[in-house]
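Structure first, then comments.
The values are calculated or read from the model by the stated rules, or taken from the named source; none is laboratory data. Fair warning: this is a prediction, and the values are worked out from it, not measured in the lab. Positions of Cβ are generated from backbone atoms using ideal geometry, with glycine treated the same way; all protein chains shown enter the neighbour counts. Note: areas computed on protein heavy atoms with side chains; ligands, DNA, RNA excluded. Shrake-Rupley method; radii C 1.70, N 1.55, O 1.52, S 1.80 Å.
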Amino acid sequence: MLKVINVVGARPNFMKVAPIVAAMRQRVDEFAPLVVHTGQHYDAAMSDAFFRDLGLPQPDVYLNVGSGSHAAQTAVVMQRFEPVVMEEKPDWVLVVGDVNSTLACALVSAKLHIKIAHVEAGLRSRDRNMPEEINRLLTDQISDLLLTPSMDANENLRAEGIAETRIRFVGNVTIDSLLAHLTRAANSIIREDLGVAGKPYAVLTLHRPSNVDEQATFARILDALEDISQSVPIIFPVHPRTRARLNEYHFAERIERNENLRLIEPLGYLDFLRLYSGASLVLTDSGGLQEETTALGVPCLTLRENTERPVTVTMGTNIIVGTDTEKIVQAARRSLHSPRNNELRQLAGADATLPPLWDGHTAPRILDALIAASI
Ligand code: UD1
């Protein structure tokens, strides 16, 4: 029996851990799972809604760390996680993704000689200005089992000198959640609520510090959005960080004057899935959404200079457009004037171009890898 502490902290963690914990709960003879929520994200819209939508059990332990500078947030997670690990003495600590909670909990576990499994290991943007890239590099260095979503990640780890025996290609667990919830999401009435059902619309998400904390960059993106919104309404669920910057830079008034650029509160998992799955175009700086749009064949423009998920470009629907106004506008025009990729994909034969092992069965492979690495 393996006792596993599964760590969640921020919004992009919940959909990765939910299928893993669900699979562990089905294999009761092999796994005793615990869920620890650091509380890095704590709002109802950023956290509670995801537990409800994803059927994630309420956390066994809640660390209530809240917001802070990177150092302060990482330090408080470490201080509060250490006694939990000492008390529970798990066989494994499982961390996912690249948020501050991921690195903080991995570091605590490594110092206590508890084995660490990192889900979504090996992704690299090669941009060390991104806090997530630092979290990825360091978490991978100290993890015992590196569970990768795509083969480029295996190559990255090898190039960093990580032993082959620590690496397992298991596929993308985000897609497990996506496929498991498509049917339930179809019951969401978010498109009707927003008045876009059956009509063309775009969806936007934006929260990277490099985009929203830099006023000039944010302004360039906003110029592009105003142009695109003349062709198609843009629905924009606004992350709390972005909301704060919009107010600080006095962009909110400018947006309010444009009824085709519609700011809404962050959505839960099912409503958001329903919304972007019907979009003509997604514009984003999120990592997870690049993958989810690829899985569903929805065209995606990534408003960054790089991606740690190159397979979404080579095999998927993602285009890296950066933050230049004209480049964003041109790419959006081209995209809106070509047939939707999922229609093309249906013509070509279903799922023909999905990346390998993005099949909805990654969680059981993660469990098998944990068992194999425990012998
Ligand atoms: C974090 C992750 C990022 C991920 C994103 C998804 C790191 C380094 N970054 O960034 O990889 O893509 O989550 O959302 O871990 N806030 C609230 N309510 C909340 C959470 C945050 O109001 O529930 C506000 C706070 O003012 C906070 C700010 O949002 O200062 C940013 O939150 P933080 O957790 O520091 O980073 P994110 O930008 O959300």
Cβ pairs under 8 Å, 6+ apart or interchain, first in segment 84-104 and touching a residue at least 24 places away in the same chain (Cβ under 8 Å) and open to solvent by 10 Å² or more (accessible area, probe 1.4 Å), second assigned to a helix (DSSP H, G or I) and among the small types (Gly, Ala, Ser), ordered by first then second residue, are ASP91/SER374
Restricting to segment 225-238, what's the tally of residues that are touching a residue at least 40 places away in the same chain (Cβ under 8 Å) and within 18 Å of ALA252 (Cα to Cα)?
-> 5
Please find, within segment 346-375, the residue that is modelled with the lowest pLDDT out of those that are more than 24 Å from LEU303 (Cβ to Cβ) and open to solvent by less than 30 Å² (accessible area, probe 1.4 Å).
-> GLY349
Quick check: is even one residue across segment 176-198 within 16 Å of the ligand (Cβ to nearest atom), surrounded by fewer than 20 Cβ atoms within 10 Å (Cβ to Cβ) and at pLDDT 95 or above?
-> no
Take segment 4-16 and flag every residue that is part of a strand (DSSP E or B) and within 14 Å of the ligand (Cβ to nearest atom).
-> VAL7, VAL8
On the given criteria, is THR302 away from the ligand (no atom under 16 Å from the Cβ) and buried (at least 21 other Cβ atoms within 10 Å of the Cβ)?
-> no
If we ask which residues in segment 202-224 are out of contact with any strand residue (DSSP E or B) (no Cβ under 6 Å at 6 or more places or on another chain), in contact (Cβ under 8 Å) with a residue 40 or more places away in the chain, open to solvent by less than 50 Å² (accessible area, probe 1.4 Å) and not small (Gly, Ala, Ser), their number turns out to be 7
Just need a number here: residues in segment 24-51 that are in contact with a strand residue (DSSP E or B) (Cβ under 8 Å, 6 or more places away or on another chain) and either touching a residue at least 60 places away in the same chain (Cβ under 8 Å) or open to solvent by less than 10 Å² (accessible area, probe 1.4 Å) (or both).
-> 9
Segments classed as helices (runs of 4 or more DSSP H), wholly inside segment 17-128, with at least 2 members that are in contact with a helix residue (DSSP H, G or I) (Cβ under 6 Å, 6 or more places away or on another chain), within 15 Å of the ligand (Cβ to nearest atom) and modelled with pLDDT under 95 = none
Among the candidates ASN135, ASN156, which residue alone is crowded, with 17+ Cβ neighbours inside 10 Å and either within 16 Å of the ligand (Cβ to nearest atom) or free of Cβ contacts under 8 Å to residues at least 12 places away in the same chain (or both)?
-> ASN135
May I ask you to list pairs of residues, at least six apart or on different chains, whose Cβ atoms are under 6 Å apart, with the first in segment 179-199 being touching a residue at least 60 places away in the same chain (Cβ under 8 Å) and over 24 Å from LEU357 (Cα atoms) and the second being open to solvent by 40 Å² or more (accessible area, probe 1.4 Å) and among the hydrophobic types (A, V, I, L, M, F, W, C)?
-> ARG191/ALA197
What number of residues within segment 159-175 are under 19 Å from SER125 (Cα atoms) and surrounded by fewer than 16 Cβ atoms within 10 Å (Cβ to Cβ)?
-> 3
Number of the exception - SER109 against (1) under 21 Å from the mean Cα position of the chain (by Cα); (2) open to solvent by less than 10 Å² (accessible area, probe 1.4 Å) | (1)
Looking across segment 315-345 at residues that are within 19 Å of the chain's Cα centre (by Cα) and open to solvent by 60 Å² or more (accessible area, probe 1.4 Å), the single one that is modelled with the lowest pLDDT is MET315
